[in-house]
Amino acid sequence: MESPVNPAPALVHNNAPKPPQKIPPALRRQLHPPRAVSRFARWQWRLKYDSQFLRLHIQIAFAILVLWIGIEFVAFVHWLESGGVGPVPGRPPGVEGFLPLSALISLKHWWLTGSLNLIHPSAVFIFLAIVAIGVLLKKSFCGWLCPVGFLSELHWKFGRMLFGGNLRLPKFLDWPLRLIKYLLLYFFLYAIVWTMDVRDLTAFIYSPYNQVADLKMLRFFTDLDRTGLIIIGVIALLSLPIKNFWCRYLCPYGALLGIGSLLSPLKITRNRERCIDCELCTKACPSSIKVHQLTRVHSDECMACLACTQVCPVKDTLDLKTRIPAQRVPAPVLAVLMLGIFVALTGAAMLAGLWQNSISAEQYLQHMPRLESYGHPGR
């Protein structure tokens, strides 16, 4: 009697979805700290193993630093507005971190002439630190340090509490809107990198407008007109239902870091064999990346926030990794590398005497009465 012929096994494609699987106890990740330990021990455990807990601490610390810089700068401006009454409060160089266009112009001027001007030198080193982080560690500056990104995240999380969820725009709206920040980036890069020669760069750098760019920036926010209030109000309102509205659609800085992040050796990496297809990673991603369908996440929208890796319930399945060799980068290591790059470049500027600008308090006092009359040199 002939043995029955077994039918040929059906081909199973690697990309075919698998039904969710149960997790063997040995492979289950511990997502919460042990209960039978002290409160301090639980706090330590979370800093080490809970990437979102660590990220929140760093976001708050950096936001406090930026707030402190803002308070110092406002005190300096109030001294200027008083006509210089009393002792001179220190002007914080860190405020120049909000002058990326001046930094880009100075950077090109430095490249062409071989010398760094001292009008806004700290702006250049802050800009270089942020770009270096973007190239080496993905858009982790956006997800871990940027105060505007932190504010945007607080907005959509409040919106999720308010509305019971967040709105995800359909592709036919999402893709064109995402192009806006790249068009803005192209405009600035074309105007500065391609158009301006040494004479134009020098004229802008030493113009009264650029010398008081920090003062004009503060004045823009303290003296908002109706149009400015409406624009900021609309962005704030849209940031409630839509995750990271400003960052995703409008921020040219984020566009620049997104392009740079494509060169990063670090990528979110999924182990297909261990993955149980629970799709928790995709649900957790604030950038709406379909992590559960990818082996390595190359998206320019990935901020290395590690929200996806934190919710993965299976050990060694979803991690931030280098490519060759495939080395896992834990959240504390990422945080140390990120802060290390930032401190190294800004600290080098301080040690080299390239942190404080060359504009004296007396020169600022001379500029104050004419502040409103200073227009952009290109106009």
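Throughout, read-outs are computed from the coordinates displayed, never taken from laboratory work. This is a predicted model, so every value here is computed, not measured. Virtual Cβ from ideal backbone geometry, glycine too; neighbours counted across all protein chains shown.
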Original post:
Given DSSP loops and a limit of at most 12 other Cβ atoms within 10 Å, what is the longest stretch of the chain that contains no such GluC sites (Glu not before Pro)?
Top reply: 3-272
**OP:** Report, in degrees rounded to the nearest 10, the 0 to 90 angle that the Cα long axis of helix 226-238 makes with the longest principal axis of the chain.
**Re:** 10 degrees
**OP:** Go through [x] 1.03; [y] 1.13; [z] 1.18 and flag the label whose value is the computed Cα Rg over 2.2 N^0.38 Å for this structure.
**Re:** [z]
**OP:** In debye, nearest 20, what is the charge dipole magnitude of region 100-209 about its Cα centre with +1 on Lys and Arg Cβ and -1 on Asp and Glu Cβ, if you could check?
**Re:** 480 debye
Original post:
Helix 331-351 versus the longest principal axis of the chain: what angle, 0 to 90°, nearest 10, using Cα atoms?
Top reply: 20 degrees
Original post:
Taking Cα atoms, how many degrees apart are the long axis of helix 100-113 and the longest axis of the chain, rounded to 10 and kept between 0 and 90?
Top reply: 80 degrees
**OP:** Report the charge-dipole magnitude of region 212-357 in Debye, nearest 20, computed about the Cα centre from +1 at each Lys and Arg Cβ and -1 at each Asp and Glu Cβ.
**Re:** 360 debye
**OP:** Kindly provide the trypsin sites (Lys or Arg not before Pro) of region 281-352 that DSSP labels as loop, not H, G, I, E or B, and whose Cβ sees at most 12 other Cβ atoms within 10 Å.
**Re:** Lys290, Arg323
**OP:** Starting from the Cα of Ala236, step 7 Å along the direction of its Cβ; do the same at Ile324; then give the gap between the two resulting points in nm.
**Re:** 5.1 nm
Original post:
Computed FRET efficiency, Cβ-Cβ of Phe53 and Thr195, R0 41 Å: what is it to the nearest 0.05?
Top reply: 0.35
Subject >> trypsin sites (Lys or Arg not before Pro) within region 115-220: DSSP coil, no more than 14 neighbouring Cβ in 10 Å >> reply: Arg168
Original post:
Over region 266-331, what relative contact order in percent results from Cα pairs under 8 Å that are six or more residues apart?
Top reply: 41 percent
Subject >> Backbone N under 19 Å from the Ala344 label point (7 Å along Cα→Cβ), restricted to region 112-130 >> reply: 124-130
Subject >> Cut-off under 5 Å, modelled amide H: who pairs with Val314 long-range >> reply: Arg29
Original post:
Can you give the charge dipole size of the chain about its Cα centre, rounded to the nearest 20 debye, using +1 on the beta carbon of Lys and Arg and -1 on the beta carbon of Asp and Glu?
Top reply: 1580 debye
